[in-house]
Amino acid sequence: MKVLGVTSELFPLVKTGGLADVTGALPKALSAHGIETVTLVPGYPRVLEQLENAQVVAETEFLGLNCRLLEAESGDLKFYVLEAPVLYDRPGGLYLDEHGNDYPDNWRRFAILSLAGAWIANGGLHAWRPDVVHAHDWQAAMTPVYLRRHFECKTPTMLTIHNLAFQGQFEFQTLGDLGVPPETYTTECLEYYGRVSFLKGGIQTADFVTTVSPTYAREILSDRSGMGMEGVLRANKTKIKGIVNGIDTDIWDPVNDPCLVGKFDLERLANRDLNRRFLMNLFDMGDRPGPLFAVVSRLTWQKGIDLLIDAVPHIVQMGGRLVICGEGDRDLHERLRNLAKQYAENVAVSIGYNEGLAHLIFGGSDFLIQPSRFEPCGLTQLYALRYGAIPIVGRTGGLSETIIDANDAATGAETATGIQFHPVTTDELQHAIDRAFEVYQDRDRLRKLQSRGMMADFSWAGSGRRYARLFRSMADLPPRIAQLPVVRHQRRILRANEARAN
Ligand SMILES: Nc1ncnc2c1ncn2[C@@H]1O[C@H](COP(=O)(O)OP(=O)(O)O[C@H]2O[C@H](CO)[C@@H](O)[C@H](O)[C@H]2O)[C@@H](O)[C@H]1O
């Protein structure tokens, strides 16, 4: 079975957040179920620079623009790259210019990506045609619309919403240039309060809509969390499903992670201290006692960074330290830089995107703080678990179902893996931080929480199976027995044997 993924980000080629992690890892998980995925991604310069032995497989015109499609492979990934320098070769970021503003032609940049996806799904490349199309977020949400309304093609489509906050809304005037028939501009498809919404078009048209956790799938049906799209989502309720994200345990593996100074597992936990010390030196913080808190995040309102900023004096007063690695809103950059100046010995801030530093922080900090106001799934808490940093999370979306709060009942039952707080306010965050200090004083409790988190299985095995089942049902194909991946405890035994042999 063949799936075409359409996405604006794909790890390791191009990443600004969790979307890339998922589109980069899911193909591997699906291949265990006999599903081949090829992913279409924009030809940003950083993507083109990394291509090896790419073949041009098509030269064609989309919305009046001459484009090339390249086919390439990297590791386990197969992908098509849409080469159109006018659209994707920009001095700023993937979506924003160097001043932090949306590119004014974002509608065209991602309409053309979606159109190219629909063109492939319609058999444009004679050599490869998918059985199912999997579009991700608003940037690819027009793919089902083009497929049905432009090509009149019946290939089944799934749209995954990684974050409902981004909906791809544009002026009514763009409609005439989208290459879709006028009938699409109705409340049944693209029309959204007098504007065009790519995400709405995708939700209305796709055969299936998934979000990245069952809790978020429920939350977005409510007025409180539906971000204005709740009516549309409720009308499509029967085709919405939540499948929790997994993590790529080959990349996120503290035993073999090249970004770590001290590689570790449960038997060699002391090596974590090497990472911690390295971090402290890196940020000139000295190696004093007390917990090291950390944040690795896009710096936005969603992630509750303003709440964290208000809690920093409390952390410092209690004798904790904090490392923040993130990028996002400029006013938050400014406020964080000021905090780092004010509390130079306790607070370190690295503004920017730094994959290696993120790994090191997960592998060296004691607690990862994630005060998200909403969180469709969240991956950083899962990386933190695997790397022995105890997550402190707001109880929302995927955070609420991936972290088990260390309350008395869960502690007694030996199931707790982290600390949750609710509602997501500075007061409650401070209370959660107080609880973290208590845990930190009790080494036995700390170790238990840490080791339970490290043993938790958040690999793609289970969710890969769920996606595979869904894709097969959409293509009307019977389920296949998966080639079972080596299960976790077997891997541990293998590692232990290897260690003994060495
Ligand atoms: N400055 C920085 N330097 C290096 N790495 C950084 C970084 N800032 C963030 N990252 C990395 O980016 C990823 C963030 O993923 P998340 O899933 O936590 O959030 P995001 O909001 O981007 O994703 C959205 O999509 C994902 C995927 O579905 C959902 O889990 C999530 O809830 C939803 O908001 C992680 O790999 C993290 O390590």
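The values are calculated or read from the model by the stated rules, or taken from the named source; none is laboratory data. These figures come from a predicted structure and were not determined experimentally. Here Cβ is always computed from backbone atoms with ideal geometry, including for glycine, and neighbour counts include all displayed protein chains. Heavy atoms of the whole protein, side chains included, go into the accessibility calculation; ligands, DNA and RNA do not. Shrake-Rupley method; radii C 1.70, N 1.55, O 1.52, S 1.80 Å.
Kindly evaluate residue 265 against the criterion of being away from the ligand (no atom under 16 Å from the Cβ) and more than 27 Å from residue 24 (Cα to Cα).
It is false that residue 265 is away from the ligand (no atom under 16 Å from the Cβ) and more than 27 Å from residue 24 (Cα to Cα).
Pick from 48, 26, 30: which is in a helix (DSSP H, G or I), away from the ligand (no atom under 15 Å from the Cβ) and closer than 15 Å to residue 134 by Cβ?
On the way: 48 fails: closer than 15 Å to residue 134 by Cβ; 26 fails: away from the ligand (no atom under 15 Å from the Cβ).
Step by step, each of 48, 26, 30 is checked, and only 30 is in a helix (DSSP H, G or I), away from the ligand (no atom under 15 Å from the Cβ) and closer than 15 Å to residue 134 by Cβ.
Got a sec? Which of 228, 194 is under 23 Å from residue 372 (Cα atoms) and either assigned by TED's automatic domain parsing to the domain that holds residue 474 or of a type in the set (D, E, K, R) (or both)?
Working: 194 fails: under 23 Å from residue 372 (Cα atoms).
Only one candidate passes the filter, namely 228.
Could you check how many residues of region 260-288 are on the phi > 0 side of the Ramachandran plot and buried (at least 16 other Cβ atoms within 10 Å of the Cβ)?
Total meeting the criteria: 0.
Residues that are over 27 Å from residue 20 (Cβ atoms): find the helices (runs of 4 or more DSSP H) completely inside region 349-444 holding 2 or more of those.
The helices (runs of 4 or more DSSP H) meeting that bar are 408-412, 426-441.
Have a look at 288, 298, 276 and point out the one that is more than 18 Å from residue 339 (Cα to Cα), assigned by TED's automatic domain parsing to the domain that holds residue 397 and modelled with pLDDT of 95 or more.
276
Is it the case that some residue within region 100-109 is within 16 Å of the ligand (Cβ to nearest atom) and open to solvent by 30 Å² or more (accessible area, probe 1.4 Å)? Give the steps one after another, and end with the answer.
First, the residues of region 100-109 that are within 16 Å of the ligand (Cβ to nearest atom): 100.
Checking the rest, the ones that are also open to solvent by 30 Å² or more (accessible area, probe 1.4 Å) come to 100.
So far as region 100-109 goes, yes, one or more of its residues are within 16 Å of the ligand (Cβ to nearest atom) and open to solvent by 30 Å² or more (accessible area, probe 1.4 Å).
Please work out if residue 295 is more than 16 Å from the ligand (Cβ to nearest atom), of a type in the set (Val, Ile, Thr) and under 27 Å from residue 351 (Cα atoms).
Details: more than 16 Å from the ligand (Cβ to nearest atom): no; of a type in the set (Val, Ile, Thr): yes; under 27 Å from residue 351 (Cα atoms): yes.
So residue 295 does not fit the description; no.
In region 421-444, which residues are open to solvent by 20 Å² or more (accessible area, probe 1.4 Å) and in contact with a Lys or Arg (Cβ under 8 Å, 6 or more places away or on another chain)? Walk me through it before giving the result.
Looking only at region 421-444, we keep the residues that are open to solvent by 20 Å² or more (accessible area, probe 1.4 Å), and these are 422-428, 430-431, 434-435, 438, 440-444.
Matches in region 421-444: 422, 424.
Tell me which residues, restricted to region 343-358, are open to solvent by 40 Å² or more (accessible area, probe 1.4 Å) and touching a strand residue (DSSP E or B) at 6+ places or on another chain (Cβ under 7 Å).
351, 353, 354
Of the residues 384, 311, which is modelled with pLDDT of 95 or more, within 15 Å of the ligand (Cβ to nearest atom) and of a type in the set (Gly, Ala, Ser)?
Testing whether each residue is modelled with pLDDT of 95 or more, within 15 Å of the ligand (Cβ to nearest atom) and of a type in the set (Gly, Ala, Ser) leaves just 384.
Checking residue 404 against (1) open to solvent by 10 Å² or more (accessible area, probe 1.4 Å); (2) β-branched (Val, Ile, Thr); (3) within 23 Å of residue 226 (Cα to Cα), which single condition isn't satisfied?
With respect to (1) open to solvent by 10 Å² or more (accessible area, probe 1.4 Å); (2) β-branched (Val, Ile, Thr); (3) within 23 Å of residue 226 (Cα to Cα), residue 404 is out only on (3).
Would it be correct to say that residue 9 is within 13 Å of the ligand (Cβ to nearest atom), more than 19 Å from residue 132 (Cβ to Cβ) and either of a type outside the set (Asp, Glu) or in contact with a Ser or Thr (Cβ under 8 Å, 6 or more places away or on another chain) (or both)?
yes
I'd like to check something: does region 134-150 contain any residue that is more than 20 Å from the chain's Cα centre (by Cα), more than 16 Å from the ligand (Cβ to nearest atom) and not in a helix (DSSP H, G or I)?
Within region 134-150, the subset more than 20 Å from the chain's Cα centre (by Cα) is 142-150.
Narrowing further to those that are more than 16 Å from the ligand (Cβ to nearest atom): 142-150.
Subset that is not in a helix (DSSP H, G or I): none.
No, every residue in region 134-150 fails to be more than 20 Å from the chain's Cα centre (by Cα), more than 16 Å from the ligand (Cβ to nearest atom) and not in a helix (DSSP H, G or I).
Out of 361, 369, which single residue is within 22 Å of residue 14 (Cα to Cα), more than 8 Å from the ligand (Cβ to nearest atom) and in contact with a strand residue (DSSP E or B) (Cβ under 6 Å, 6 or more places away or on another chain)?
361
Quick one: what pairs do we get from region 18-45, first residue among the aromatic types (Phe, Trp, Tyr), second within 14 Å of the ligand (Cβ to nearest atom) and open to solvent by less than 10 Å² (accessible area, probe 1.4 Å), C-beta under 6 Å, 6+ apart or different chains?
Partner pairs satisfying both residue conditions: 44/14.
Does residue 330 qualify as being within 16 Å of the ligand (Cβ to nearest atom), in contact (Cβ under 8 Å) with a residue 40 or more places away in the chain, more than 13 Å from residue 370 (Cα to Cα) and surrounded by fewer than 18 Cβ atoms within 10 Å (Cβ to Cβ)? It would help to see each step written out before you state the result.
Numbers: within 16 Å of the ligand (Cβ to nearest atom): yes; in contact (Cβ under 8 Å) with a residue 40 or more places away in the chain: yes; more than 13 Å from residue 370 (Cα to Cα): yes; surrounded by fewer than 18 Cβ atoms within 10 Å (Cβ to Cβ): yes.
Taking the combined requirement at face value, the residue satisfies it.
Residues that are in contact with a Ser or Thr (Cβ under 6 Å, 6 or more places away or on another chain), touching a residue at least 60 places away in the same chain (Cβ under 8 Å), within 16 Å of the ligand (Cβ to nearest atom) and not hydroxyl-bearing (Ser, Thr, Tyr): does region 417-430 have at least one?
Within region 417-430, not a single residue is in contact with a Ser or Thr (Cβ under 6 Å, 6 or more places away or on another chain), touching a residue at least 60 places away in the same chain (Cβ under 8 Å), within 16 Å of the ligand (Cβ to nearest atom) and not hydroxyl-bearing (Ser, Thr, Tyr).
Being part of a loop (DSSP other than H, G, I, E, B) and surrounded by fewer than 15 Cβ atoms within 10 Å (Cβ to Cβ) is the filter here, so list the residues in region 51-74 that pass it.
Across region 51-74, the qualifying residues are 52, 53, 63, 64.
Among (1) more than 16 Å from the ligand (Cβ to nearest atom); (2) in a helix (DSSP H, G or I), where does residue 196 come up short?
(2)
Does residue 257 count as open to solvent by less than 10 Å² (accessible area, probe 1.4 Å) and among the acidic types (Asp, Glu)?
Considered against the rule, which asks whether it is open to solvent by less than 10 Å² (accessible area, probe 1.4 Å) and among the acidic types (Asp, Glu), residue 257 comes out as yes.
Kindly indicate whether residue 363 is at positive phi and open to solvent by less than 20 Å² (accessible area, probe 1.4 Å). Explain how you work it out, then say what you get.
Numbers: at positive phi: no; open to solvent by less than 20 Å² (accessible area, probe 1.4 Å): yes.
No, not satisfied.
Which condition breaks for residue 321 when tested against (1) more than 16 Å from the ligand (Cβ to nearest atom); (2) in contact (Cβ under 8 Å) with a residue 60 or more places away in the chain; (3) open to solvent by less than 10 Å² (accessible area, probe 1.4 Å)?
If we test residue 321 against (1) more than 16 Å from the ligand (Cβ to nearest atom); (2) in contact (Cβ under 8 Å) with a residue 60 or more places away in the chain; (3) open to solvent by less than 10 Å² (accessible area, probe 1.4 Å), just (2) comes out false.
Inside region 213-326, counting only helices (runs of 4 or more DSSP H) that do not spill past its ends, which hold 2 or more residues that are of a type in the set (Val, Ile, Thr)?
305-317
Any idea how many residues of region 339-358 are away from the ligand (no atom under 15 Å from the Cβ) and farther than 24 Å from residue 436 by Cβ?
Of the residues in region 339-358, 1 are away from the ligand (no atom under 15 Å from the Cβ) and farther than 24 Å from residue 436 by Cβ.
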